[in-house]
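Every number in this text was worked out from the coordinates using simple rules, so none of it is lab data. This is a predicted model, so every value here is computed, not measured. Cβ placement follows ideal geometry from the backbone for every residue including glycine, while neighbour counts extend to all protein chains displayed.
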Amino acid sequence: MMNYEVMFILNATLDEEAKNAAIERFQKVITDGAGVVSKVDVWGTRKLAYPIEKKTEGYYVVIEFQAGAELPKELDRRMRIADACIRHMIINKDEN
């Protein structure tokens, strides 16, 4: 298993329940794919560096996890089709 980190930005206009549901959904993708979530860091609402889809604020979340090589591809696919997620980035923390 390798160490990964995913940072994603949710639509800030979502209510708290929808934000928590999106975070749980992404965590479930990781755990269902035989991954282990080690840390969830919710940064909260922050101003975006530049407008994305005419939005100037986003809800930032960082999840650190361990998984096999195929899981990030599936997580990326799910985040691309999720309406709540406006940007995301998955990095391999083991690569230097």
Degrees separating the helix 16-32 axis from the principal Cα axis of the chain, which is the longest one: 20
Relative contact order, percent, the chain [alpha-carbon distance under 8 Å, six or more residues apart]: 48
Centre separation in Å (Cα based) which lies between segment 1-21 and segment 27-41: 12
ALA12 long-range amide H proximity, modeled H, under 5 Å: TYR59
Whole-Å semi-axes of the chain's equivalent ellipsoid (Cα gyration tensor): 23, 14, 12
Cβ-Cβ FRET estimate between ASP76 and VAL36, R0 fixed at 25 Å, reported to 0.05: 0.85
Under 26 Å from the Cα of LYS39 - lysines, other chains or at least 8 residues apart: LYS19, LYS28, LYS47, LYS73, LYS93
Angle in degrees between helix 71-81 and the longest Cα principal axis of the chain, rounded to the nearest 10: 20
R0 of 25 Å, Cβ-Cβ distance ASN92-GLU57: FRET efficiency to nearest 0.05: 0.30
TYR50-MET7 pseudo-label distance in nm [points 7 Å out on the Cα-to-Cβ vector]: 1.6
Distance in nm between pseudo-label sites at GLU17 and GLU64 (7 Å out along the Cβ direction from Cα): 3.3
Phi-based couplings in Hz for segment 35-49 (Karplus 6.51, -1.76, 1.60; Gly and Pro marked x): x, 10, 7, 9, 7, 10, 10, 9, 7, x, 7, 9, 6, 6, 5
